[in-house]
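Chemist: A single structure is presented below for examination.
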Amino acid sequence: MRRRSPYRWALGIENGEKMNLKSKFFNQISPVKILCLLIMTLFWAAACPDEKKPAENKQFLEADPFARNELLGRTMNLGNALEAPAEGEWGVTLHSHYFDSIAAAGFTAVRVPIRWSAHALPVAPHTIEPSFLTRVQWVVAQSERVGLAPIIDFHHYVEIFSEPEAHRKRFLEIWKQIATVFQYGDTALFYEVLNEPHDNLTAELWNELLAEAIDTIRAIDSVHTLIIGTAEWGGIAAMNKLKIPDDEDNIIFTFHYYEPFQFTHQGAGWNEGSEAWLGTTWSGTPQQQQNIIADLSQVKNWAAQQNLPVFLGEFGAYHRAPMESRALWTQYVRHTAESMNMSWAYWEFCSGFGAYNANTESWRPQLLQALIP
Ligand code: BGC
């Protein structure tokens, strides 16, 4: 069982319960709890030196990961840009007006997949290329300029999936640098520890590496919420194998959902045999809907037992699937996630799964409508 934060305790919030701060505050808080909260606040203020205060200090209650997860309510993945070996190589270069369009459409956050491993020295001290770091800082600044919460996602560290031990120290050293740079950023900034661990980075090894990564980040930055997913490609299957250290509770659980895979990945060149799936439709039959509800319910129930908020960090259907089916499926998954109090991120903005057409600089109306009705 996860440790409960003092704020949730003070407000009488039970495990897995979503916060309605206003009503909780007025209905359940007692004078004794108010006094305790006051003492905790004074303690906190005294413990933090004045200069270079993390943005956290400005809002005590914001530290609750359930409240922070609401910032990720409607997130867009900025896929195929910074997680390509070099930005632009996979056809996407980020422009400042993209952030305006995403915010204006009603999204609340952007998940930024980043291939840090391609931009850090292979040997100690594994320094991140300054120009790349500046580029990521620009992305974070653009997000904040338009009021989108950025997720710094450690994506496509392909080498660590084949040789986990050989890349362990490098991974941690890179995180040290990221946390050092972003620790004073707005509290509405999130760290996603590692996208879709798989292959030789087994569930067991991932648990060990995760504990080390948390220690590494927390030694520098105790403020920003961590987003943590499962081994075996970030899906539901390995959820029961995930072990999050008990002493860390500023965490959001994430999983990815692309079921039925033969529908969402039809014609996707990186999946062998996927040409044969072309033409697969999803029309939302009772059985098809039930499958999605059953899958997402599993996550909901597991997370409730762990007292973790949930972020569906990737879902989407490739552009070669029929548009009508894509829109129906996207709408149904999005709606089901929301009905289970999960935040979500569509995969992705303007590439192969794109909800936005970068050539015409306009949204694909069926997909946008499915995401933000
Ligand atoms: C991968 C992408 C892929 C997507 C859908 C993501 O996690 O990083 O390369 O397009 O999943 O398969």
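The values are calculated or read from the model by the stated rules, or taken from the named source; none is laboratory data. Worth saying up front: this structure is predicted, and the values here are computed from it rather than measured. Reconstructed Cβ throughout: ideal geometry from the backbone, glycine too, with neighbour counts over all protein chains shown. For accessibility, only protein heavy atoms count, side chains too; no ligands or nucleic acids. Shrake-Rupley method; radii C 1.70, N 1.55, O 1.52, S 1.80 Å.
Chemist: Glu324 accessible area, nearest 10 Å², 1.4 Å probe?
Modeler: Counting only protein heavy atoms, Glu324 exposes about 150 Å² to solvent.
Chemist: Roughly speaking, what is the stretch gain from Glu324 to Ala105, that is 0.36 nm per residue apart minus the C-alpha to C-alpha distance, in nm to one decimal?
Modeler: Separation in residues times 0.36 nm, less the Cα-Cα distance, equals 76.8 nm.
Chemist: Also, I was wondering about something else. Accessible area per residue for segment 187-279 in Å², computed with a 1.4 Å probe and the full protein assembly in place, what is it?
Modeler: 38 Å²
Chemist: Would you please give the FRET efficiency between Trp90 and Asn240, computed as 1/(1 + (r/R0)^6) with r the Cβ-Cβ distance and R0 = 30 Å, to the nearest 0.05?
Modeler: The pair Trp90/Asn240 has a calculated efficiency of 0.35.
Chemist: May I pose another question? For segment 112-182 and segment 262-340, what is the separation of their Cα centres, given in Å?
Modeler: 29 Å
Chemist: With a 1.4 Å probe and all protein chains in place, put Arg320, Arg135 in order of accessible area, largest first.
Modeler: Putting Arg320, Arg135 in descending order of accessible area: Arg320, Arg135.
Chemist: At a 1.4 Å probe radius, which order do His319, His167 fall into by accessible area, largest first?
Modeler: My answer, sorted largest first, is His319, His167.
Chemist: Just to be sure I understand the model, the point goes 7 Å from the Cα along the line to the Cβ. What's the resulting Glu159 to Glu338 distance in nm?
Modeler: With each label placed 7 Å out from Cα toward Cβ, I get 4.3 nm.
Chemist: Then there is this: Quick check: residue separation of Ala166 and Asn301 times 0.36 nm, minus the Cα distance between them. What number comes out in nm?
Modeler: Gain in length upon complete extension: 45.0 nm.
Chemist: Further, regarding this structure: Quick check: pseudo-label points 7 Å beyond the Cα along Cα→Cβ at His97 and Ser131, how many nm apart are they?
Modeler: Taking the simple label geometry, His97 and Ser131 are separated by 2.5 nm.
Chemist: Then there's this: Could you work out what % of the accessible surface of segment 55-371 is carbon and sulfur, using a 1.4 angstrom probe and leaving DNA, RNA and ligands out of the count?
Modeler: Percent of accessible area from carbon and sulfur atoms in segment 55-371: 51.
Chemist: Using a 1.4 angstrom probe on the protein heavy atoms only, could you order Asp100, Asp246, Asp64 from most to least accessible area?
Modeler: Largest accessible area first, the residues go Asp246, Asp100, Asp64.
Chemist: Next question. What accessible area, in Å² to the nearest ten, does a 1.4 Å probe give for Lys300?
Modeler: 100 Å²
Chemist: Let a ≥ b ≥ c be the square roots of the eigenvalues of the Cα gyration tensor of segment 55-371; is it rounded (a/c under 1.5), or, if not, prolate (a/b larger than b/c) or oblate?
Modeler: In terms of gyration-tensor shape, rounded.
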